[in-house]
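**Student:** So that we are looking at the same thing, I have put the structure below in structure tokens.
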Amino acid sequence: MTEADIRALVRTIPDYPKPGIMFRDITTLLGDAMGLTACIEQLAAPYREVQVDAVAGIEARGFILGGAVADRLGCGFVPIRKKGKLPGKAVGQDYELEYGVDVIEIHEDGITSGERVLLVDDLIATGGTAAAAVKLLRKLNAEIVAAAFVIDLPDLAGRKRVEALGVECHTLIEFEGD
């Protein structure tokens with residue numbers, strides 16, 4: 001499946017969650033069997049010959065994609081969740097939102113020091129959540145192999161923000177001007 005084929009399966013919802021935003025909805029991609037399979041394969045492909053001990057997925061769509069990528073790579077999956085959602089002892093990382101500050105967490109025993117981790121999410125926009133996830137994983141002394149996303153919104157410079165932290169980014173498609 002080509003980049004154009006995957007792009008065609010992403011639904012755009014104008015003015016969501018507020019006026020002027022073009023929301024890129026991957027639920028239509030996830031609902032298409034061929035599209036989902038191609039997406040998972042293409043996210044995992046660059047890391048098949050690289051040691052990856054775990055995939056960390058950012059809540060919530062990163063869980064769907066990350067779990068499937070972990071399966072393809074033959075490794076475990078670790079969830080990165082919003083504050084207060086994990087049942088065990090967790091480590092947190094603050095990140096800024098346009099309307100305040102939020103926190104993401106990971107179980108403190110979710111990653112063993114030195115483990116090689118691939119970070120996965122559906123979309124990178126401003127990079128705030130992904131950058132916080134990188135910092136969070138580093139608190140547990142993870143070695144971050146890369147970050148992989150289905151969609152990049154390059155005008156919002158999130159990829160550059162994550163790459164400035166020394167993490168290579170792999171994306172499948174881009175939507176300019178958003």
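Bear in mind these aren't lab numbers, they're just calculated from the coordinates by the rules spelled out. If you're wondering where the values come from, they're calculated on a predicted model, not measured in any experiment. Cβ coordinates were reconstructed from backbone atoms using ideal geometry, including for glycine residues, and neighbour counts include every protein chain displayed.
**Student:** Just one of the numbered conditions (1) over 22 Å from Arg48 (Cβ atoms); (2) aliphatic (A, V, I, L, M); (3) surrounded by 16 or more Cβ atoms within 10 Å (Cβ to Cβ) is not true of Ala164; which one?
**Tutor:** For Ala164, the exception is condition (3).
**Student:** Looking at segment 30-66, which of its residues are in a helix (DSSP H, G or I), among the small types (Gly, Ala, Ser) and surrounded by 18 or more Cβ atoms within 10 Å (Cβ to Cβ)?
**Tutor:** We begin by selecting, within segment 30-66, every residue in a helix (DSSP H, G or I); these are 30, 33-47, 61-66.
Applying the additional criterion that residues be among the small types (Gly, Ala, Ser) yields 33, 35, 38, 44-45, 62, 66.
Residues satisfying the conditions are Gly35, Ala38, Ala44, Gly62, Gly66.
**Student:** Filter segment 98-122 down to the residues that are over 21 Å from Gln51 (Cα atoms), in contact with a helix residue (DSSP H, G or I) (Cβ under 7 Å, 6 or more places away or on another chain) and not charged (D, E, K, R) and list them by number.
**Tutor:** Passing the criteria: Ile104, Ile106.
**Student:** If you don't mind, there's one more thing I want to ask. Cβ-Cβ distance below 6 Å, separation of 6 or more or different chains: which pairs start in segment 21-48 with a residue that is in contact (Cβ under 8 Å) with a residue 40 or more places away in the chain and over 22 Å from Val145 (Cβ atoms) and end on one that is of a type outside the set (Val, Ile, Thr) and surrounded by 19 or more Cβ atoms within 10 Å (Cβ to Cβ)?
**Tutor:** Qualifying pairs under 6 Å: Ile26/Asp122; Leu29/Leu9; Leu29/Gly35.
**Student:** What do you reckon, is Thr171 under 26 Å from Thr27 (Cβ atoms) and either of a type outside the set (Phe, Trp, Tyr) or part of a loop (DSSP other than H, G, I, E, B) (or both)? So that I can check it myself, show each step before the final result.
**Tutor:** Numbers: under 26 Å from Thr27 (Cβ atoms): yes; either of a type outside the set (Phe, Trp, Tyr) or part of a loop (DSSP other than H, G, I, E, B) (or both): yes.
For Thr171, the condition - under 26 Å from Thr27 (Cβ atoms) and either of a type outside the set (Phe, Trp, Tyr) or part of a loop (DSSP other than H, G, I, E, B) (or both) - is met.
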